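Inspection log for the structure reproduced underneath, given as structure tokens.
The values are calculated or read from the model by the stated rules, or taken from the named source; none is laboratory data. Treat the numbers as computed from the prediction; the structure is a model and nothing was measured. Please note: Cβ atoms are built from the backbone with ideal geometry, for glycine as well, and neighbour counts cover all protein chains shown.
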Amino acid sequence: MRANLRESWSIGGVEIPTRLVLAPMAGVSVQAFRRQGRRFGAGLVCSEMVSCAGIEHRNERTLGYLRVAADEHPLAIQLFGSDPATMGEAARLVTDAGADLIDVNFGCPVRKVTKTGAGATLLDDPDRACRIVDAIASSTPLPVTVKMRRGLRNGSRTCLDVGPRLVEAGAAALTLHPRSAEQMYTGVADHALTAELVDLVDVPVIASGDVTSRVRAEAVLEGTGAAAVMVGRGAQGNPWALREIVDGDDTEPALEEVIAELLLFVRETARELGERRASGFLKKFYGWYLGRGRFSRPFKQEILVLNDLAEIERRLLAAAPGAAALLEELEADVPRAEEVTLALPISAFGGG
Ligand SMILES: Cc1cc2nc3c(=O)[nH]c(=O)nc-3n(C[C@H](O)[C@H](O)[C@H](O)COP(=O)(O)O)c2cc1C
């Protein structure tokens with residue numbers, strides 16, 4: 001049967017309007033990215049992984065990751081850590097912050113995370129992984145989901161042993177990125193493994209890895225029986241990929257449209273992170289938006305060396321003058337982040 005990307009589905013009672021999920025990506029999935037993802041057709045968006053230790057210590061930057069906007073729902077906030085009690089405590093705060101789902105990271109392959117016993121290493125410690133899921137599920141009424149890799153080493157099938165146990169421990173859905181931690185992002189995502197996992201569990205499975213087009217999304221959904229596909233790198237600087245996947249609308253955006261979306265993103269991110277932090281954070285996004293054959297390499301370089309956001313805005317508008325009117329329309333349609341962002345349950349400055 002042909003997969004319908006526009007069909008709604010649900011995780012533990014949370015309705016998700018499309019079968020497309022925007023991937024959690026550290027250093028990428030800020031509020032502006034998630035809100036844009038929802039506008040372009042993602043049925044569910046996810047925060048980047050948030051440190052439970054950071055939440056425990058009321059780290060100001062960590063708490064900033066918990067800011068939820070009213071127009072992001074449904075939204076998952078993803079936690080990482082290794083201590084079940086700390087993760088259960090963090091889940092309470094995430095619940096109060098306004099998330100719809102709590103996702104747990106058992107997939108991060110980065111040494112900084114794995115050396116603390118968090119991320120993908122938990123796939124080799126299934127007892128602890130289950131205790132974490134159980135501790136979170138006992139601390140929140142929200143559905144708890146898990147995102148994992150296939151295992152630590154190449155060729156590993158650990159996810160097929162651990163997945164059903166995590167469901168028993170309380171996971172209401174599983175996302176599988178079927179690469180090993182060792183593989184990082186090399187090779188291909190082996191979705192034959194996703195199909196095996198779907199057969200083993202009675203909760204929805206989300207297929208993550210190498211989905212960049214509607215054709216690929218349909219093939220993965222049909223070939224695996226997964227409830228949804230997740231898109232990460234394909235959406236970087238390219239929300240139009242989400243529209244193509246969900247609606248089959250493959251018209252390339254006009255350059256004015258690209259600049260208008262980029263500038264909205266710059267403005268929203270500057271509000272969220274502050275101009276100074278945003279200025280460094282945004283550099284990779286200039287590469288992503290202006291690349292893909294849309295603008296010349298020298299123009300991209302010219303923007304990349306600038307730090308002043310007003311100057312960047314001036315040059316981008318000069319390169320595509322029609323973008324100013326489009327940006328105005330976008331800003332009129334999209335509520336301002338400060339109008340829709342929920343207050344944090346505790347002060348971001350160490351209170352509570
Ligand atoms: C820059 C970057 C950051 C990522 N950060 C996270 C993260 O915080 N949590 C997580 O579960 N996965 C993270 N991932 C993995 C993605 O969610 C996704 O599973 C992976 O990129 C494969 O999907 P793709 O081929 O669509 O990019 C990250 C990936 C990238 C490229």
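Computed quantities for the displayed model
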item: Long-range neighbours under 6 Å by Cβ, at least six apart or interchain, first residue farther than 18 Å from LEU22 by Cα within the range 245-264, second surrounded by fewer than 15 Cβ atoms within 10 Å (Cβ to Cβ); result: GLU256/GLY322
item: Among the residues listed as ARG34, ARG92, the single one being under 28 Å from ARG267 (Cβ atoms) and at pLDDT 95 or above; result: ARG34
item: Odd one out for GLY293, checked against (1) within 23 Å of GLU60 (Cβ to Cβ); (2) surrounded by fewer than 12 Cβ atoms within 10 Å (Cβ to Cβ); (3) not basic (Lys, Arg); result: (1)
item: Residue check for GLU244: loosely packed, with under 14 Cβ neighbours inside 10 Å and within 30 Å of GLU218 (Cβ to Cβ); result: no
item: Within the range 28-120, strands (runs of 3 or more DSSP E) holding 2 or more residues that are more than 14 Å from the ligand (Cβ to nearest atom) and buried (at least 23 other Cβ atoms within 10 Å of the Cβ); result: none
item: Flag if PHE299 is in a helix (DSSP H, G or I) and farther than 18 Å from ARG271 by Cα; result: yes
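Quick grid of which residues meet (1) touching a Gly at 6+ places or on another chain (Cβ under 9 Å); (2) closer than 18 Å to VAL28 by Cα; (3) at pLDDT below 95:
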position	(1), (2), (3)
VAL246	yes, no, no
LEU263	no, yes, no
LYS283	no, yes, no
ARG314	no, no, no
ALA324	no, no, no
